[in-house]
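Enquirer: Have a look at this one before I ask anything.
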Amino acid sequence: MKTLGLIGGTGPESTIEYYRLLIAQYREKADGASPPLIINSVDLKRLLAWMTANELDKITGYLVEEVEKLRRAGADFGALTANTPHIVFDELQRRSTLPLISIVEAARDRVQALGLKSVALFGTRYTMQAPFYPAVFSRTNVALVTPTDEEQTYIHEIYLGELLKDVFLPETRARVLRIADEMKARHGIEAVILGGTELPLLLRAEEHNGIRLLDTTRIHVDRLIKEMLN
């Protein structure tokens, strides 16, 4: 069995969700056994400050060091428990001593497997505006659509101001789903990629008004379990 190393803490609630899902799915597939798993919880405040200042080299350097700690602890491969840090994923993978499994590539593969042609991307402003999702999806025939500037501002503000602080309000849920409805009317989207691992904690359903809600945490966990048991 391969040992998985996770970079967690970005944010804490979604890291807990990763752990819970990994334990449950591994036990189901491995006759009740618990998974070989190491979690390195990093400093979210520091990462957000660098992200805001667009100091991506500092993010990369920091994550390279933290991934190296996972390798020294015995991990065979690794993953980031958040979408936004994938803004430096390619460089991190190039410099990492561990093979890393991308949440973005896992999401792309799931979208293709479902046969979807038009999907929206929700997440932090960094995720919605950075090129890392479009770059991965450019190798497909899937149209990746982002919300308007105003909608992005709202999603970003509630993400940092509520979700990362473990606050999940029904009125926020209703507004985010309304944005999905409006994007379906404008662009004919078939699904929303919940490109922030706190978003599935707000939007627990798998579907809304005919729109699939694609939980990138669960999608990533499926891929990680497959690698652990390979």
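Enquirer: Exactly one of (1) in contact with a Leu (Cβ under 8 Å, 6 or more places away or on another chain); (2) of a type outside the set (Val, Ile, Thr); (3) surrounded by fewer than 19 Cβ atoms within 10 Å (Cβ to Cβ); (4) more than 26 Å from TYR159 (Cβ to Cβ) is unmet by PRO35. Its number?
Expert: The one condition PRO35 does not meet is (3).
Enquirer: Got at least one residue in region 134-149 being surrounded by 20 or more Cβ atoms within 10 Å (Cβ to Cβ), closer than 22 Å to GLY11 by Cα and either in contact (Cβ under 8 Å) with a residue 12 or more places away in the chain or not hydroxyl-bearing (Ser, Thr, Tyr) (or both)?
Expert: No, there is no match, as no residue in region 134-149 is surrounded by 20 or more Cβ atoms within 10 Å (Cβ to Cβ), closer than 22 Å to GLY11 by Cα and either in contact (Cβ under 8 Å) with a residue 12 or more places away in the chain or not hydroxyl-bearing (Ser, Thr, Tyr) (or both).
Enquirer: Suppose the filter is surrounded by fewer than 19 Cβ atoms within 10 Å (Cβ to Cβ) and closer than 24 Å to LEU160 by Cα; does ASP57 pass it?
Expert: Values: surrounded by fewer than 19 Cβ atoms within 10 Å (Cβ to Cβ): yes; closer than 24 Å to LEU160 by Cα: yes.
Judged against the criteria, ASP57 is a match.
Enquirer: State yes or no: is MET51 farther than 22 Å from MET228 by Cα, aliphatic (A, V, I, L, M) and touching a residue at least 60 places away in the same chain (Cβ under 8 Å)? Show your work before the answer.
Expert: Values: farther than 22 Å from MET228 by Cα: yes; aliphatic (A, V, I, L, M): yes; touching a residue at least 60 places away in the same chain (Cβ under 8 Å): yes.
Considered against the rule, which asks whether it is farther than 22 Å from MET228 by Cα, aliphatic (A, V, I, L, M) and touching a residue at least 60 places away in the same chain (Cβ under 8 Å), MET51 comes out as yes.
Enquirer: Another one. Quick one: in region 170-192, of everything that is touching a Lys or Arg at 6+ places or on another chain (Cβ under 9 Å) and of a type in the set (A, V, I, L, M), which residue is nearest to THR127 (Cα to Cα)?
Expert: VAL192
Enquirer: Right, another one. Could you count how many residues in region 74-91 are more than 22 Å from ILE225 (Cβ to Cβ) and either buried (at least 23 other Cβ atoms within 10 Å of the Cβ) or in contact with a helix residue (DSSP H, G or I) (Cβ under 7 Å, 6 or more places away or on another chain) (or both)?
Expert: At the first step, the residues of region 74-91 found to be more than 22 Å from ILE225 (Cβ to Cβ) are 84, 87-88, 90-91.
Checking which are either buried (at least 23 other Cβ atoms within 10 Å of the Cβ) or in contact with a helix residue (DSSP H, G or I) (Cβ under 7 Å, 6 or more places away or on another chain) (or both) leaves us with 84, 87-88, 91.
Number satisfying all stated conditions: 4.
Bear in mind that the values in this text are calculations on the coordinates, not laboratory data. Keep in mind that what you see is a predicted model, and the values were worked out from it rather than measured. Methodologically, a virtual Cβ is constructed for each residue, glycine included, from the backbone with ideal geometry; neighbour enumeration extends over all protein chains shown.
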